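Step one of this worksheet: look at the structure below.
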Amino acid sequence: MSAVANCTVTLPGPARGRVGPNALNPDGMKWSTVEVAQVRGQSRLITCHNLQPLKLLNPKSPTSACHVVLSSYGGGMVAGDAIRLRIGVEAGARLFVSTQANTKIFKSLDGAVAEQHVAGTVEAGALAVVFPDPVVLQAESRYRQLQHWQLHPTATLLLLDWFHSGRMDQGERFAFTSLHSELRVSRGERLVLLDKLSFEPAHHIAASPANFAGYQTFFSLYLVGNPESSLFQRLAARLEQQKMPGSTGPHFQISSQECLIAVSRAKADVYILRAAAHSRAALQPLCEQLLQELAAADMLGYNPLLRKY
């Protein structure tokens, strides 16, 4: 296994078909399910089925958007846990997915891996925002996540993938055993985004500038949608505003930065923002900027995380 800290590949591949649970789980195991649809002008949860260790919460929204919170018994995942979640957002609906708190990945005593699989479908004109708290990889933990999303050509997806190197308040840094993450996003019949990360601290040098340098929390944000859509354009403009002043200049010093941010337009319909910081607090202004844009009336209409903090 090789270390790939910031590798994004976009492929124009052939038709992939609709994303479903069998694409991630050929053994036919049961999945938790969330389905959101427009009901009398409001985005409402029409299907909610959760299986342990996942718990789905649906706090009341002050606007027409739907808010779903992912929680778990014990506040995290133990070795051998397998969360499988299917998300469906029907035409015109608005969905915001968050987590109750950091997702802790606990120590693996027998080599078992904690796994999370998500298969999502976003229909015409719909908006899905996935904005979880960080995954915290505790000492000797093993974690694997797969996310496959299928978008209608007029749908929009904004998805955050965020992890901590360990329990930073206890000085724990890259003491986990393994991390594997894979994200696939298709628009219509075409795969437009494939992003993979595999890292094992025992075999790679975490502090290397080619990997994570001295940073401890890592934030990847993906925007995929119709480049002609005003919603996509406004979110893209907000991402562009996060570029660091002077970061392309010859005298820019990475080591002096509390937080690093890079934004790229990988394809006409794909934007990617990467951020690395020494602490979660350093990334908070970035989160607030993004949530401020999402609070616009034609998006979510409010900031779902204001009442959380």
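The values are calculated or read from the model by the stated rules, or taken from the named source; none is laboratory data. The model shown is predicted, which means the values in this text are computed figures rather than measured ones. All Cβ positions, glycine included, derive from the backbone under ideal geometry; neighbour counts span all protein chains shown. Only protein heavy atoms, including side chains, enter the accessible area calculation; ligands, DNA and RNA are left aside. Shrake-Rupley method; radii C 1.70, N 1.55, O 1.52, S 1.80 Å.
Table for the structure above
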read-out: Ile205-Ala139 pseudo-label distance in nm [points 7 Å out on the Cα-to-Cβ vector]; value: 2.4
read-out: Length-normalised contact order of the chain in % [C-alpha pairs under 8 Å, at least 6 apart]; value: 16
read-out: Point-to-point label distance, Glu240-Lys60, nm (Cα→Cβ direction, 7 Å offset); value: 4.1
read-out: Accessible surface of Arg144 - all protein chains present, 1.4 Å probe, nearest 10 Å²; value: 80
read-out: Distance in nm between pseudo-label sites at Glu182 and Lys267 (7 Å out along the Cβ direction from Cα); value: 1.8
read-out: Among 113-123, 185-195, the order from most to least packed when residues are scored by Cβ within 10 Å on average; value: 113-123, 185-195
read-out: With every protein chain in place, the chain: carbon and sulfur % of accessible area (1.4 Å); value: 52
read-out: DSSP-defined beta bridges in region 64-202 - what % are antiparallel, rounded to 5; value: 15
read-out: When the chain is reduced to its Cα atoms, the Kirkwood hydrodynamic radius in Å; value: 19.8
read-out: Potential extension, Gln170-Ala101 segment - 0.36 nm per residue separation minus Cα distance; value: 23.1 nm
read-out: Dipole magnitude (debye, nearest 20) for region 44-103, charges at Cβ of Lys, Arg, Asp, Glu; value: 140
read-out: q = 0.10, 0.15 Å⁻¹, region 79-221: log10 I(q)/I(0) [Debye, one scatterer per Cα]; value: -0.38, -0.79
read-out: Rounded to whole Hz, the Karplus (6.51, -1.76, 1.60) HN-Hα couplings of region 113-124, x for glycine and proline; value: 10, 7, 10, 9, 10, 10, 10, x, 10, 10, 8, 3
read-out: 3J(HN,Hα) from dihedral phi, region 92-100, Karplus parametrisation 6.51/-1.76/1.60, rounded to Hz, x for glycine, proline; value: x, 7, 10, 10, 10, 10, 9, 10, 6
read-out: Computed lengthening from Ala112 to Gln292, 0.36 nm per intervening residue step minus Cα-Cα distance; value: 60.8 nm
read-out: Sorted peptide list for 284-291, 33-40, criterion being average Cβ within 10 angstrom, highest first; value: 33-40, 284-291
read-out: Unit charges on C-beta of K, R, D, E only; dipole of the chain, Debye; value: 380
